[in-house]
Amino acid sequence: MKKVYAMLLLAMSFSSFSQVWIDQNATWHYDYWGVAEEGFFKLEYNQDSLINGENCQVIESYQSKFVTDQFGQMHHIGPTLKSTNFTYVNGDTVFYWKDDQFFTLFDFGASIGDQWQIGSTNSNGDPVCDDSSFVVVVDTGTVIINSNSYRTISLETTAGSSLRFGGVFVERFGQIGSNYGFHTFPGVETCDTNVITEYYGITFKCFEDDSFTLYNPSGEDCEYLLTHLSNEEIAVQKLASFPNPVSEMLKVQMNGEGVLELYNQIGQVVIQQNHYNQSVIEMEAVPTGIYLLRLRIGESVYTEKILKH
């Protein structure tokens, strides 16, 4: 009886972690925001392709961009095809095609301290970057999504890598949190700290495929900007901040109640405070450089580049 019970537990454990990667017609949505623009990335898996003897999922990434002109009007650009990635699964590991060979993208059976290579070319041509890019596992765990348990791995990019990748990744889904410069697949990294680079802020919005009902923790339409907001609605208000450049106090004006955040060039929140119609941000202790000011009021997000001198 004990042996049967143990086998049952093993079978239950295996079934809870048996779905390592996507099924047919997988679709992701990621909201993004940057300086004077915002929008969403849509990733789609609609076909397979044979590469080096492996039957791969073809995953195309499209960008829908909404940019703000000098009059505060927002205009839609896209969807534009940004990248095509190829993946396949072997055991607990998801592989992807990069630099004319397969690399490990995720290993959901990994332990803390494990690392693997994710690329072999200095994609950005940055002389400070190495040719090889690596990630290291800094944590593992589980998460419950739609009453199912899935394994997670937390990754960090190692120093000198020309690809930007990290954060918490979930089996079957990939990246379902927030980060800077990438979604489920790595983005290009600038290794030279003397070069100022602006990365998109990217946040998971939705996922579904043929065997998984829509997962949409925000409750918003997956393509909210495209389906709900007209140019007139978007352009009702424009974020005003002054003086810019600033040395001591930055004044922010925008009707409404929300949260102000100031981000540095590596995506860290330097200042966070509540906003109601008008705010003052103390900038005297903030190091010199370029920052991104972000104001969220309800479902709307406004951004502006700030220069501290």
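The values are calculated or read from the model by the stated rules, or taken from the named source; none is laboratory data. Only a predicted model underlies this, so the values are computations on that prediction, with no experimental measurement involved. Quick reminder, even Gly has a Cβ in these numbers, built from the backbone with ideal geometry, and neighbours come from all protein chains shown. For accessibility, only protein heavy atoms count, side chains too; no ligands or nucleic acids. Shrake-Rupley method; radii C 1.70, N 1.55, O 1.52, S 1.80 Å.
At a Förster radius of 30 Å, what calculated FRET efficiency corresponds to the Cβ-Cβ distance of Gln115 and Ser178, to the nearest 0.05?
Numbers: r = 23 Å, r/R0 = 0.78.
Taking R0 as 30 Å, the efficiency between Gln115 and Ser178 is 0.80.
Assign unit charges at the C-beta atoms only (+1 for Lys and Arg, -1 for Asp and Glu), then state the dipole size of the chain relative to its Cα centre in Debye, rounded to the nearest 20.
520
I need the peptides 276-282, 40-46, 292-298 ranked by packing, meaning the mean over residues of other C-beta atoms within 10 angstrom, with the highest value on top. Please report the intermediate quantities before stating the final value.
Working: 276-282: 13.0, 40-46: 20.0, 292-298: 18.1.
So the peptides 276-282, 40-46, 292-298, ranked by packing, come out 40-46, 292-298, 276-282.
Provide the net charge surrounding Gly201, with neighbours chosen by a C-beta distance below 12 Å and charges set as Lys +1, Arg +1, Asp -1, Glu -1.
My count for the surroundings of Gly201 gives -3.
Compute the length gained on full extension between Asp92 and Asp131: take 0.36 nm times their separation in residues and subtract their Cα-Cα distance, giving the result in nm to one decimal. Intermediate values should be presented prior to the final figure.
On the way: separation 39, 0.36 × 39 = 14.04 nm, distance 2.67 nm.
Answer, rounded to one decimal: 11.4 nm.
Can you pull the percent of the chain's accessible area that's carbon plus sulfur, 1.4 Å probe, other chains left in place? List each step's numbers first, then the result.
Numbers: 7650 of 15480 Å².
About 49 percent, which is the carbon plus sulfur part of the accessible surface.
If the limit is 20 Å between Cα atoms, which of Lys82/Lys205; Lys65/Lys305; Lys65/Lys98; Lys251/Lys305; Lys98/Lys205; Lys205/Lys305 go over it? Show your work: numbers first, answer last.
Working: Lys82/Lys205 18 Å; Lys65/Lys305 18 Å; Lys65/Lys98 26 Å; Lys251/Lys305 14 Å; Lys98/Lys205 26 Å; Lys205/Lys305 25 Å.
Over 20 Å apart, Cα to Cα: Lys65/Lys98; Lys98/Lys205; Lys205/Lys305.
All other residues with a Cβ under 12 Å from the Cβ of Ile59 taken together, and with Lys, Arg as +1 and Asp, Glu as -1, what is their net charge?
So the environment of Ile59 carries a net charge of -2.
If I model a spin label at Ile144 and Asn255 as a point 7 Å from the Cα along the Cα→Cβ vector, what separation in nanometres do I get?
4.4
Please report the base-10 log of the normalised intensity I(q)/I(0) for region 100-223, using a Debye sum with one equal scatterer per alpha carbon and no solvent, at each q in 0.12, 0.17, 0.19 (1/Å).
Once normalised to I(0) and log-transformed, intensities are -0.50, -0.92, -1.08.
Over the Cα atoms of the chain, what is the Rg over Rh ratio if Rh follows Kirkwood?
Value, to two decimals: 1.01.
How much area per residue is accessible in the chain when the probe is 1.4 Å and only protein heavy atoms are counted (Å²)?
50
Arrange the peptides 26-35, 251-260 so that the one whose residues have, on average, the most other Cβ atoms within 10 Å appears first.
The densest-packed peptide leads the list: 26-35, 251-260.
How far is it, in nm, from the label point at Gln272 to the one at Asn52 when both lie 7 Å from their Cα along the line to the Cβ?
4.1
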